[in-house]
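Participant: So that we are looking at the same thing, I have put the structure below in structure tokens.
The values are calculated or read from the model by the stated rules, or taken from the named source; none is laboratory data. None of these values were measured; they are calculated from a predicted model. All Cβ positions, glycine included, derive from the backbone under ideal geometry; neighbour counts span all protein chains shown.
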Amino acid sequence: MRHRQQPNGRRTGWLPFCAVLCAVVIVFGLPAGIAAQASPSATPLVGPGALAGPEIDGAAYVLYDVRSETFLLGANPDQPMAPASITKVMTALLALENLALTDTITVTREMFETIPNDYTRLGLVEGEVITVEETLYACLLISANDAAMALAVAVSGSVAAFAGRMNERALELGCTGTYFTNPYGLADEAHLTTARDMALITAAALEHDLFREITTTRQHMFPPTNLYPEARGLPNGNRFVSQSAYAYEPYIGGKTGYTRLSGYTIVAGAQQDDRVLVA
């Protein structure tokens, strides 16, 4: 199932703020065979501040007010689903919390040899030396799975240990339906999260200025390394940033994803004055 975006120019102002996030930012989609069984309308969550909203083309979503810690709107908010590459929001969060941006990572085979051939890569090779900051750009802009693996090993020493830390951090953030098995969203029936939990994880990531900066960058050049003599272009795959027809002024960052198991997924934040909403 695809999420729908209507190209009607750059959007500004507070009035369309909630409407655009709810109608455009679909947190979880479903593969076509399953999608026919689930087409939720916008259902207010129970609690103060809950809103009515438009019909949403997606299997699960929430709209979360970060300042008041209130879930304003949602459908199937606690249904475990495959997240695909929005998993990398947690990977980036842990890297930002535990590594210095100038730290270097020496690439090992563990960081790329188990990634399926049809998954996106930067093209890291054994012995290549990269910085944490540049690796974050590759992870978040082109969704490079080898970059996510490199960050995971740099933080925890192994992919397995990092997955454990991902789950610990999810619990610390208040997540109740999340279990990660890998740092990049490899299709795995055990690798699951919920729309509600991803809003909490994304809100935490958006507290970091660099996460906002990277995910709102249209294109970045990954500099030459000791084993790769040329700069590599990293275009942002998110239409909110990459295509002016879909631009939305209050957008402050997020991440997209896709696998055949998950369908299309996206998390995003927007800010007007001091109010931040995450969907």
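Participant: Residue 137 fails exactly one of the following numbered conditions: (1) farther than 30 Å from residue 71 by Cβ; (2) assigned to a loop (DSSP other than H, G, I, E, B). What is the number of that condition?
Facilitator: Of (1) farther than 30 Å from residue 71 by Cβ; (2) assigned to a loop (DSSP other than H, G, I, E, B), only one is false for residue 137: (2).
Participant: Select from segment 194-222 the residues that are over 19 Å from residue 131 (Cα atoms) and touching a Leu at 6+ places or on another chain (Cβ under 7 Å) and list them in ascending order. Spell out the reasoning first.
Facilitator: Pass one, segment 194-222, residues over 19 Å from residue 131 (Cα atoms): 194-207, 216, 218.
Result: 200, 201, 204, 205.
Participant: If I go through segment 98-121 residue by residue, how many of them are farther than 24 Å from residue 169 by Cα, part of a loop (DSSP other than H, G, I, E, B), among the hydroxyl-bearing types (Ser, Thr, Tyr) and free of Cβ contacts under 8 Å to residues at least 60 places away in the same chain?
Facilitator: Count: 3.
Participant: Residue 253 - would you say it is among the small types (Gly, Ala, Ser) and assigned to a loop (DSSP other than H, G, I, E, B)?
Facilitator: Working: among the small types (Gly, Ala, Ser): yes; assigned to a loop (DSSP other than H, G, I, E, B): no.
Criteria not met by residue 253.
Participant: Residue 129 fails exactly one of the following numbered conditions: (1) surrounded by 20 or more Cβ atoms within 10 Å (Cβ to Cβ); (2) modelled with pLDDT of 95 or more; (3) more than 19 Å from the chain's Cα centre (by Cα); (4) of a type in the set (A, V, I, L, M, F, W, C). What is the number of that condition?
Facilitator: That leaves (1) as the condition not met.
Participant: Does residue 230 meet the test of being at pLDDT 95 or above, in a helix (DSSP H, G or I) and closer than 17 Å to residue 138 by Cβ?
Facilitator: On the way: at pLDDT 95 or above: yes; in a helix (DSSP H, G or I): no; closer than 17 Å to residue 138 by Cβ: yes.
So residue 230 does not fit the description; no.
Participant: Here is a follow-up. May I ask you to list the residues in segment 233-250 that are modelled with pLDDT of 95 or more and under 14 Å from the mean Cα position of the chain (by Cα)? Steps first, please.
Facilitator: Applying the first criterion (modelled with pLDDT of 95 or more) to segment 233-250 yields 233-236.
If the condition is that a residue be modelled with pLDDT of 95 or more and under 14 Å from the mean Cα position of the chain (by Cα), then 236 is the only one that fits.
Participant: Which of the residues that make up segment 93-116 are within 16 Å of residue 185 (Cα to Cα) and either touching a strand residue (DSSP E or B) at 6+ places or on another chain (Cβ under 9 Å) or modelled with pLDDT under 95 (or both)?
Facilitator: Scanning segment 93-116 gives a single hit, 111.
Participant: Across segment 154-212, what is the total count of residues that are without any contact (Cβ under 8 Å) to a residue 12 or more places away in the chain, closer than 12 Å to residue 93 by Cα and either in a loop (DSSP other than H, G, I, E, B) or in contact with a Gly (Cβ under 6 Å, 6 or more places away or on another chain) (or both)?
Facilitator: Count: 1.
Participant: Then there's this: Filtering segment 169-192 down to residues that are of a type in the set (Ser, Thr, Tyr) and closer than 23 Å to residue 146 by Cα, which residue is surrounded by the most Cβ atoms within 10 Å (Cβ to Cβ)?
Facilitator: Of segment 169-192, the ones of a type in the set (Ser, Thr, Tyr) are 176, 178-179, 181, 184.
Narrowing the set further to residues that are closer than 23 Å to residue 146 by Cα leaves 178-179, 181, 184.
Values: 178: 24, 179: 16, 181: 18, 184: 26.
Going through the qualifying residues, I end up with 184.
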